[in-house]
Amino acid sequence: MKWLRRCIFAVVVLVFAALLLLAGGYLLVRGAPDYYHAGALTAAQQALAAGSAEDKFRQILNSADLAHRDSALAAQASQNGATQPTTSPAAINVTFTDDELNSVFEKWSELNNWKATYSKYINDPMVIFQRDRIILAGRVQNNQLNSVVSVQLQPEILPDGTMQLKLVRALAGRLPVPTAMFQKYLDRAVNALTTRLPNWQRGARIAPDGEANNDAIAAQLSKLAIAALHQQPTDGVVFLPTAGKANVPVKVVGVTMQDHSIQFSLRPLDGSEREALLKRIKSPAGSEAVVASSN
């Protein structure tokens, strides 16, 4: 769980730092969108919601661990000349509410002292799910701005099996922010990742049993981030730790949103899919030929 916490913290800090840059120098807009309700839960309600989210994270990791053990046994049998029936890994389905994710992030922030880092940039960060979008919001308060800043994103699994995260709208308070105001900051983020990507690609490895090394994880997540910042589709593959601390790739095969909840469908990759993933990881950013049904 510590690995998962660190990953979530890194992603959230990057997202909300981007929100601050997006809002920097813009008009002082004090209104808050109707969907922003920071502090709406009592302490007891937050504790229950955080516990529910942690139970669901354990469910995901346990399922990934079982899939990893099956792959390890199949790889060992293959090395020994034995054969096993070919089966596709089962999908892992899990639903989170926005209250659960906000509460568990608040809990982990207190336990790991994350707030001391992100509070320099943003206060009361939260995620809100609507039927067609994910909203990331928080209050920015500095000499130039005192406002709730939010970005609205639309995740989509395309027919070819790739995933795209579209930036639908950005707001300072209730006022839309033009894309041109923050494009230069997005370009800087892309350039920074593109510079570091070749070193990670050279060191990327995925073992026969599915275990990926840190370079493979960093390269894949960087390519996913570059594609998202460019508003382009890419492999919807992320890595999950297992009970044995191996990090194994899983594909996001479905995202379903309702008001205040989101359901993910995740599927561990089989051996041939992992080999194909490693080739795509090592290919130049944006050049992957992703085949729908095989990914």
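Under the Karplus relation 6.51 cos²θ - 1.76 cosθ + 1.60, θ = phi - 60°, what is the ordered set of whole-Hz ³J(HN,Hα) values for the stretch 105-113, x standing for Gly and Pro?
Rounded to whole hertz, the list is 5, 4, 4, 5, 4, 5, 5, 10, 6.
Between SER272 and ASP187, with labels modelled 7 Å along Cα→Cβ, what's the label distance in nm to one decimal, could you check?
It is 4.4 nm.
Tally Lys and Arg at +1 and Asp and Glu at -1 over the other residues with C-beta under 11 Å from the C-beta of ASN123: what net charge comes out? Write out the running numbers ahead of the final one.
Numbers: positive: LYS115, LYS120, ARG139; negative: ASP124.
Every neighbour counted, the sum reads +2.
Treat each spin label as a single point 7 Å out from the Cα along the C-beta direction, and report the THR256 to ASN146 distance in nm.
Reported label-point gap for THR256 and ASN146 is 4.5 nm.
Suppose R0 equals 35 Å; then what is the FRET efficiency for HIS37 and THR195 from their Cβ-Cβ distance, rounded to the nearest 0.05?
0.30
Name the shape class, rounded, prolate or oblate, that the alpha-carbon gyration tensor gives for the stretch 150-209, where a ≥ b ≥ c are the square roots of its eigenvalues, rounded holds for a/c under 1.5, and otherwise prolate holds if a/b is larger than b/c and oblate otherwise. Provide the component values of the computation, followed by the final result.
Working: a/c = 3.54, a/b = 1.61, b/c = 2.20.
Judged from the Cα gyration tensor, the stretch 150-209 comes out oblate (a/c at least 1.5, b/c at or above a/b).
What net charge do the residues around GLU156 carry, taking every other residue with its C-beta under 13 Å from that of GLU156, with Lys and Arg at +1 and Asp and Glu at -1? Mind dumping the intermediate values first?
Values: positive: ARG133, LYS166; negative: ASP132, ASP160.
So the environment of GLU156 carries a net charge of 0.
For labels at ASN112 and ASP160 in the simple 7 Å Cα→Cβ model, what's the distance in nm?
3.5 nm
Evaluate Rg over Rh across the stretch 105-164, taking Cα atoms for both radii and Kirkwood's formula for Rh.
Working: Rg = 15.1 Å, Rh = 13.6 Å.
Using Cα coordinates only, the ratio equals 1.11.
Based on C-alpha coordinates, I'd like the Rg and Dmax of the stretch 190-237, in Å.
Over the stretch 190-237's Cα set, Rg and Dmax evaluate to 11.2, 34 Å.
Work out from phi, with θ = phi - 60° and the Karplus expression 6.51 cos²θ - 1.76 cosθ + 1.60, the ³J(HN,Hα) of each residue of the stretch 249-261, listed in order in whole Hz, and give x for Gly and Pro.
x, 10, 9, 7, 9, x, 9, 10, 10, 10, 4, 6, 8
Can you give me the C-alpha center-to-center distance between the stretch 190-231 and the stretch 101-118, rounded to a whole angstrom?
26 Å
Can you work out ³J(HN,Hα) from phi for every residue in the stretch 265-274, in order, using Karplus 6.51 cos²θ - 1.76 cosθ + 1.60 and θ = phi - 60°, giving whole Hz and x for Gly and Pro?
Karplus-based 3J(HN,Hα) across the stretch 265-274 equals 10, 10, 10, x, 8, 7, x, 5, 5, 5 Hz.
We did not get these values from a lab; they are worked out from the coordinates using the rules stated. Computed from a prediction, not measured in an experiment: that's the story for all the values here. Neighbour counts run over all protein chains shown; Cβ positions are idealised from the backbone, glycine included.
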